[in-house]
């Protein structure tokens, strides 16, 4: 196990998820339902399933595209999403 990769992935995902729409939804569900364990189970499961799909897709892409292209593509997607969110398109 590459622990540096584990820690850097954890930090990137943790920091990226803080304050985003899914976290706000989890806070809202927890506050309105008064069932924090159910909200935790649903939100955690959703994040795990999304991560499994993303790792699978990333693995497939890495077999077809060079890693340098994937990094550029990922950067471009982040920029596009950032601009779209700034302009309230999302």
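The values are calculated or read from the model by the stated rules, or taken from the named source; none is laboratory data. Values in this document were obtained by computation on a predicted structure and should not be read as measured data. Here the Cβ positions follow ideal geometry from the backbone for every residue, glycine too, while neighbour counts run over all protein chains shown.
Among the residues of the range 32-52, count how many are within 24 Å of residue 85 (Cβ to Cβ) and surrounded by fewer than 12 Cβ atoms within 10 Å (Cβ to Cβ).
Looking only at that region, the number is 2.
Would the range 51-69 turn up any residue that is at pLDDT 90 or above, within 16 Å of residue 22 (Cβ to Cβ), touching a helix residue (DSSP H, G or I) at 6+ places or on another chain (Cβ under 9 Å) and in a helix (DSSP H, G or I)?
Yes, the range 51-69 contains at least one residue that is at pLDDT 90 or above, within 16 Å of residue 22 (Cβ to Cβ), touching a helix residue (DSSP H, G or I) at 6+ places or on another chain (Cβ under 9 Å) and in a helix (DSSP H, G or I).
Does at least one position in the range 11-18 carry a residue that is modelled with pLDDT of 90 or more and either surrounded by fewer than 11 Cβ atoms within 10 Å (Cβ to Cβ) or part of a helix (DSSP H, G or I) (or both)?
Among the residues of the range 11-18, at least one is modelled with pLDDT of 90 or more and either surrounded by fewer than 11 Cβ atoms within 10 Å (Cβ to Cβ) or part of a helix (DSSP H, G or I) (or both), which makes the answer yes.
List the number of the failed condition for residue 28; all other conditions in (1) surrounded by fewer than 10 Cβ atoms within 10 Å (Cβ to Cβ); (2) in a helix (DSSP H, G or I) hold.
Just one mismatch for residue 28, condition (1).
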